[in-house]
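> One structure is given below, represented as structure tokens, and several questions about it will come after.
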Amino acid sequence: MFEIPFFLWTSDSFEKPKDFQYQSNTPFTSEYTYESLGHVFGVMHKTMKIKNSIFSSSFIAQKRTIVGDRDFDNYFKNTKK
């Protein structure tokens, strides 16, 4: 299994970042979990790239790889019946 459920639950009073955006079913890799959580909670570090945050309007989906360098999306698209 290569898919991991991901959800964020906040209160109505939670202050989201100004560039907050989220679209369900957006391709995402767990490699950028720290960037996403840091961004949404306002915790930044000098090597952080906002384009890797799934909660940013500037998010850029990256190639998702499994087992070496197999393309996750193409591999499972071709194996589904």
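The values are calculated or read from the model by the stated rules, or taken from the named source; none is laboratory data. Given the structure is predicted, the values throughout are model-derived calculations rather than measurements. Neighbour counts are summed over all protein chains in view; Cβ atoms, including those assigned to glycine, are modelled from backbone coordinates with ideal geometry. Surface areas here come from the heavy atoms of the whole protein model, side chains and all, with no ligands, DNA or RNA. Shrake-Rupley method; radii C 1.70, N 1.55, O 1.52, S 1.80 Å.
> Is it the case that Glu3 is of a type outside the set (Val, Ile, Thr) and either open to solvent by 100 Å² or more (accessible area, probe 1.4 Å) or under 24 Å from Tyr75 (Cβ atoms) (or both)?
Yes, satisfied.
> Collect the residues in region 1-35 that are under 24 Å from Val67 (Cβ atoms) and hydroxyl-bearing (Ser, Thr, Tyr), keeping them in residue-number order.
Thr26, Thr29, Ser30, Tyr32, Thr33, Tyr34
> Additional query: Just give me the residues in region 5-26 being under 23 Å from Gln62 (Cα atoms) and among the hydroxyl-bearing types (Ser, Thr, Tyr), in sequence order.
Within region 5-26, Tyr22, Ser24, Thr26 meet the criteria.
> Restricting attention to region 25-81, report how many residues are more than 14 Å from the chain's Cα centre (by Cα) and within 26 Å of Ser13 (Cα to Cα).
5
> How many of the residues in region 22-72 are outside any loop (DSSP other than H, G, I, E, B) and open to solvent by less than 60 Å² (accessible area, probe 1.4 Å)?
Here the count works out to 13.
> Based on what the data block shows, is Asn78 at pLDDT below 90, within 19 Å of Ile4 (Cβ to Cβ) and open to solvent by 70 Å² or more (accessible area, probe 1.4 Å)?
So Asn78 does not fit the description; no.
> Taking Ser58 as the residue in question, decide whether it is small (Gly, Ala, Ser), modelled with pLDDT of 90 or more and touching a helix residue (DSSP H, G or I) at 6+ places or on another chain (Cβ under 7 Å).
Yes.
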